Amino acid sequence: MNIRVFDSDESLAAKAAATIFELIIRKPNALIALATGHTPTATYEHLVKLIRKSKVSVSDLSFVALDEWVGLSPDTEGSCAAYLNQHLFEPLQIAPDLIRLFDALSPDLLSECLKTDNFIHAKGGIDLIVLGLGLNGHLGFNEPGTKPSYSHIVELDEMTRTVGQKYFRTNVKIEKGITLGLKSILESRRVLLLANGAHKSEIVGAVITSGTVPEIPATILHQHPACDFMLDREAAALVETRR
Ligand code: GLP
């Protein structure tokens, strides 16, 4: 795990976007997996600007969403699909057949998992995955105690249900999630885990100083050979003292 601390969220986002952009230049048909949440928004804004400025073609890229709240339609504000459409796919005009989003309204969620895993397989694997970090150490919706697997359906942790309300204007019932698994994350060729803000400092410190334990899913990233942990100063506050 390569720990990189940035002076601000702005510089973190600029570097994360530049790293994704370098991959796009090097591999125009890359498959990129994307987290949602508040953390990566500035990174995606930078990425859209970089792509527009360079006029590089993104027509061969493919994307897969990291996760989704079960029961939400893609046009529900606060859903992962709505977020990715708004922040990346619409501004970049990505063709729908190059995007794999979990259909969280499907009556057959298991087949949604399979479709996502097959999409990843057909594209030759994930080249780069952007991850955020849950306050309970989750990655996507791989909650504490999750065993490494591929895409699956999850009973959400209490903390995730409570914290998750921040994405919605009204109270939304969120009990289950559908997510890429820890195996899909570990098999990605490159991982960028982003964390910003003082509220993430405790969990960031715990992840970095702990060995791999199922209680803190993000600790599995210690096993990844090409994982950058990109932190702003606030999120990294406990890193130096605990290392
Ligand atoms: C959410 C999502 C994750 C996200 C994480 C952090 O619940 N399931 O994909 O990365 O928690 O969210 P945020 O960036 O808003 O802190």
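Every number here is computed from the coordinates shown, using simple stated rules; none is lab data. All values reported here derive from a predicted model rather than from experimental measurement. Because the Cβ atoms are built from the backbone with ideal geometry, glycine has one as well, and the counts that use them run over all protein chains shown.
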Q.
Cut-off under 20 Å on the C-alpha distance; same-chain residues fewer than 8 positions from Lys123 excluded. Which aspartates and glutamates are left, in chain and number order?
A. Glu22, Asp60, Asp67, Asp97, Asp103, Glu112, Glu187
**Q.** Whole-angstrom gap from segment 113-166 to segment 14-87, using each part's C-alpha centre
**A.** 16 Å
Q: Take the Cα of Leu105, step 7 Å along the line toward its Cβ, and report every residue of segment 52-94 whose backbone nitrogen sits under 17 Å from that point.
A: 68-86
Q) Check Lys176: other-chain or 5+ apart residues with amide H under 5 Å from its amide H, H built from backbone geometry? A) Val70, Leu156
Q: Could you please report the charge total around Thr76, scoring K, R as +1 and D, E as -1 over all other residues with beta-carbon less than 11 angstrom from its beta-carbon?
A: -2
**Q.** Virtual spin-label span in nm between Asn29 and Glu158, 7 Å along Cα→Cβ
**A.** 5.0 nm
**Q.** Positive minus negative residues near Leu105 (Lys, Arg vs Asp, Glu; Cβ under 10 Å)
**A.** -3
Q: Report the extension gain between Ala95 and Asp7 in nm, rounded to one decimal, defined as 0.36 nm multiplied by the number of residues separating them, less their alpha carbon distance.
A: 28.1 nm
Q.
Give me the one-decimal nm value for the distance between modelled label points at Asp60 and His38, 7 Å along each residue's Cα-to-Cβ direction.
A. 3.9 nm
Q: Kindly write out, for segment 198-207 in residue order, the coupling ³J(HN,Hα) from the Karplus curve 6.51 cos²θ - 1.76 cosθ + 1.60 (θ = phi - 60°), rounded to whole Hz, with x marking Gly and Pro.
A: 4, 5, 9, 5, 4, 6, 4, x, 5, 5
Q.
I want to check the label-to-label distance for Lys147 and His222. Put each point 7 Å from Cα in the C-beta direction and report it in nm to one decimal.
A. 2.1 nm
Q.
At 222 nm, what value in deg cm²/dmol follows for the chain if DSSP H runs of at least 4 each add -39500 (n - 2.57) and the sum is divided by all its residues, to the nearest 500?
A. -9000 deg cm²/dmol
**Q.** Cα-centred dipole magnitude for the chain, charges only on beta-carbon of K, R (+1) and D, E (-1), debye, nearest 20
**A.** 640 debye
Q: Measure up Lys15/Lys176; Lys55/Lys147; Lys49/Lys200; Lys53/Lys166; Lys53/Lys173 against 30 Å on the Cα-Cα distance and list the ones that go over.
A: Lys15/Lys176; Lys55/Lys147; Lys53/Lys166; Lys53/Lys173
Q) When only Cα pairs under 8 Å and 6 or more residues apart are kept, what is the percent relative contact order across the chain? A) 25 percent
